[in-house]
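The values are calculated or read from the model by the stated rules, or taken from the named source; none is laboratory data. Here the structure is a predicted model, which is why all the values come from computation and not from measurement. Neighbour counts run over all protein chains shown; Cβ positions are idealised from the backbone, glycine included.
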């Protein structure tokens, strides 16, 4: 294939929907590699709580961007965009189709469409905002953003402290709303992109999420979170699956309540992931077990 006919196959979907098995089967079918765009699976210290592919799964096909960073390494979506595009360019030398998968919609969009150029921000402002978050929680950040940028307030995931802090640091560093810098202009890429999104009935998906959480707990999620507790202020750990246990370790509630929050917040996270994906009309939706149908669709797109 010529460079413009190289294909990046994006397989996205909410947590616990069944991306891993499908992507491994597709990668084996097309004799290719899997690029993870899951922003939580980058970090080698976070294992149980991020549902990384198991050791045997990782042996079946080459995987990239899993366990490639430490929670102590500064890493964000802009850095991922650069690293992923560099890797994709190298892999396309020998491969015509690559699979990129994950539940982090922003990270997928960064690779496929590019990110808006943002102004430099003041590191001290970021540190002050992190302190406000530690002392006042999400409401402190939410109220400040509503005041400084009501337009972006209506669009952002209000339960994501990193997104709130990023927007606020731009507002405070520039004196202008964060939304003013979001041009949403797509960048051209030297490859074609095919987008698949996976979904299940809500009751089925939520049952799978609860089941996965029970399995994580049996596999040592509370123990893993306890080991990471001294580093709980790091950005990498401001995520569902760890924050709820940190609250338990801070004696804000008991273990039973922590488990309830783990399941509830994981379901809410899945709902936000689906909302993000549904705003993009380029995604073609499938049930994750519709392998034959998915494969036929991919082959039809390749032949176009």
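So here's what we get for this one:
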{"read-out": "Test: residue in segment 124-147 that is under 29 Å from residue 278 (Cβ atoms), assigned to a loop (DSSP other than H, G, I, E, B) and out of contact with any strand residue (DSSP E or B) (no Cβ under 6 Å at 6 or more places or on another chain)", "value": "no"}
{"read-out": "Test for residue 245: is it touching a residue at least 24 places away in the same chain (Cβ under 8 Å), part of a helix (DSSP H, G or I) and not assigned by TED's automatic domain parsing to the domain that holds residue 162", "value": "yes"}
{"read-out": "Looking only at segment 75-91, and only at residues there that are within 16 Å of the chain's Cα centre (by Cα) and touching a residue at least 24 places away in the same chain (Cβ under 8 Å), the one that is surrounded by the most Cβ atoms within 10 Å (Cβ to Cβ)", "value": "84"}
{"read-out": "Conditions (1) assigned by TED's automatic domain parsing to the domain that holds residue 256; (2) in a loop (DSSP other than H, G, I, E, B); (3) surrounded by 14 or more Cβ atoms within 10 Å (Cβ to Cβ): number failed by residue 159", "value": "(1)"}
{"read-out": "Per-region count, segment 83-109, residues over 23 Å from residue 53 (Cα atoms) and touching a helix residue (DSSP H, G or I) at 6+ places or on another chain (Cβ under 8 Å)", "value": "2"}
{"read-out": "Search result, residues across segment 255-287 that are closer than 24 Å to residue 110 by Cα and not in a helix (DSSP H, G or I)", "value": "279, 280, 281, 282, 283, 284, 285, 286"}
{"read-out": "Pair list, Cβ < 6 Å and 6+ apart or interchain, from segment 277-292 residues that are assigned by TED's automatic domain parsing to the domain that holds residue 20 to residues that are assigned to a loop (DSSP other than H, G, I, E, B)", "value": "277/283; 285/199; 288/17; 288/18"}
{"read-out": "Meets criteria (in contact with a helix residue (DSSP H, G or I) (Cβ under 7 Å, 6 or more places away or on another chain), crowded, with 18+ Cβ neighbours inside 10 Å and farther than 30 Å from residue 70 by Cβ) for residue 258", "value": "no"}
{"read-out": "Which numbered condition residue 99 fails, given (1) at pLDDT below 95; (2) within 26 Å of residue 290 (Cβ to Cβ)", "value": "(1)"}
{"read-out": "Subset of segment 170-226 (residues that are within 28 Å of residue 154 (Cβ to Cβ), in a helix (DSSP H, G or I) and more than 19 Å from the chain's Cα centre (by Cα))", "value": "170, 171, 172, 173, 174, 178, 179, 180, 181, 202"}
{"read-out": "Hits in segment 109-122 - residues which are touching a residue at least 40 places away in the same chain (Cβ under 8 Å) and more than 16 Å from residue 196 (Cα to Cα)", "value": "114, 116, 117, 118, 119, 120, 121, 122"}
{"read-out": "Verdict on residue 205 being closer than 23 Å to residue 160 by Cβ, buried (at least 17 other Cβ atoms within 10 Å of the Cβ) and touching a strand residue (DSSP E or B) at 6+ places or on another chain (Cβ under 7 Å)", "value": "no"}
{"read-out": "Contacts under 6 angstrom Cβ, first residue in segment 123-136 being assigned by TED's automatic domain parsing to the domain that holds residue 162 and under 22 Å from residue 247 (Cα atoms), partner part of a helix (DSSP H, G or I) and at pLDDT below 90, 6 or more apart", "value": "133/161"}
{"read-out": "Check on residue 252, exposed (fewer than 14 other Cβ atoms within 10 Å of the Cβ), part of a helix (DSSP H, G or I) and without any contact (Cβ under 8 Å) to a residue 12 or more places away in the chain", "value": "no"}
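Residue-wise test of (1) surrounded by fewer than 19 Cβ atoms within 10 Å (Cβ to Cβ); (2) more than 29 Å from residue 255 (Cα to Cα); (3) at pLDDT 95 or above.
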{"position": "142", "(1), (2), (3)": "yes, no, no"}
{"position": "155", "(1), (2), (3)": "yes, yes, no"}
{"position": "170", "(1), (2), (3)": "no, yes, no"}
{"position": "175", "(1), (2), (3)": "yes, yes, no"}
{"position": "178", "(1), (2), (3)": "no, yes, no"}
{"position": "196", "(1), (2), (3)": "no, yes, yes"}
{"position": "221", "(1), (2), (3)": "no, no, yes"}
{"position": "224", "(1), (2), (3)": "no, no, yes"}
